[in-house]
Amino acid sequence: MTDRKDELATNLAKVERRIADACAAAGRAREEVTLIVVTKTYPASDVRILAELGVRHVAENRDQDAAPKAAACSDLPLTWHFVGQLQTNKVRSVAGYADFVQSVDRSKLVTALSREAVRTGRELGCLLQVALDAGESARGERGGVAPDGIGELAGLVAGAPGLRLDGLMTVAPLTGEYAGRERAAFERLMVLSTDLRRSHRTATMVSAGMSADLEQAVAAGATHVRVGSAVLGVRPRLG
Ligand SMILES: *Cc1c(COP(=O)(O)O)cnc(C)c1O
């Protein structure tokens, strides 16, 4: 093994153990939680190694970095998740490689994603990004729809050709009532997910938890955790 492969294998094993322990503590089966490795700022060569080590889900947050990386890795059996704030002028590119867009947070984006999905004949899985730090019907600092807006946006996605409404995503807020209360934030997301599933039964994905708080997310019921630095190392710059 190369040094880098060795390093990633070690980190991956540690994260795997953390997820397994968190599942056990919560009385959940390990299979209920899917690990998505967030590869942003790291090169395609790392994505390739991760695939060799058995990773099947990767995520990116900036189209400029993600598009060439996904192209360089198109031979690998990977599912690509887009998790960053998305401008409508990037939708054409993102819809070309993403299997899931987890950051759907406004109607303009739904229209643009639907148009591209139809044009390319691909079905795009969509998660609504929920901003738990947003005030009434505002948007969050790092994107996301306020809890009040979920119902309307969900209806738009569910009715949009080429799109599939798969669930909800959140990032633990740094400000507002949930600052420093990750477990409470993720439990709130679960309540919102339960509400959503009353009218959209197949929207079962709950994407929450990162390197620092994956245990709290698993405890709250997350189905997908998005882990970057605990696998790849601390990023050289904020991404
Ligand atoms: C970067 C990022 C992650 C992973 O964060 P780490 O702290 O590196 O694990 C998860 N979700 C989103 C939306 C991100 O942008």
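The values are calculated or read from the model by the stated rules, or taken from the named source; none is laboratory data. Quantities reported herein were computed from a predicted structural model and do not represent experimental measurements. We place every Cβ from the backbone using ideal geometry, glycine too, and count neighbours over all the protein chains shown.
For Arg183, the test of being at pLDDT 95 or above and more than 9 Å from the ligand (Cβ to nearest atom) is passed.
Across segment 201-239, what is the total count of residues that are more than 8 Å from the ligand (Cβ to nearest atom), buried (at least 18 other Cβ atoms within 10 Å of the Cβ) and over 23 Å from Ala26 (Cβ atoms)? Residues meeting the conditions: 0. For the condition of a type in the set (A, V, I, L, M) and free of Cβ contacts under 8 Å to residues at least 24 places away in the same chain, Ala13 qualifies. There is at least one residue in segment 121-141 that is closer than 26 Å to Val218 by Cβ, surrounded by fewer than 17 Cβ atoms within 10 Å (Cβ to Cβ) and within 16 Å of the ligand (Cβ to nearest atom). Can Thr170 be described as within 16 Å of the ligand (Cβ to nearest atom), among the polar types (S, T, N, Q) and under 17 Å from the mean Cα position of the chain (by Cα)? In short, yes.
Checking each residue in segment 160-184 for being aliphatic (A, V, I, L, M), touching a helix residue (DSSP H, G or I) at 6+ places or on another chain (Cβ under 8 Å) and within 20 Å of Arg28 (Cα to Cα) picks out only Leu168. For segment 32-71, a tally of residues being surrounded by fewer than 21 Cβ atoms within 10 Å (Cβ to Cβ), polar (S, T, N, Q) and within 24 Å of Thr223 (Cβ to Cβ) returns 1.
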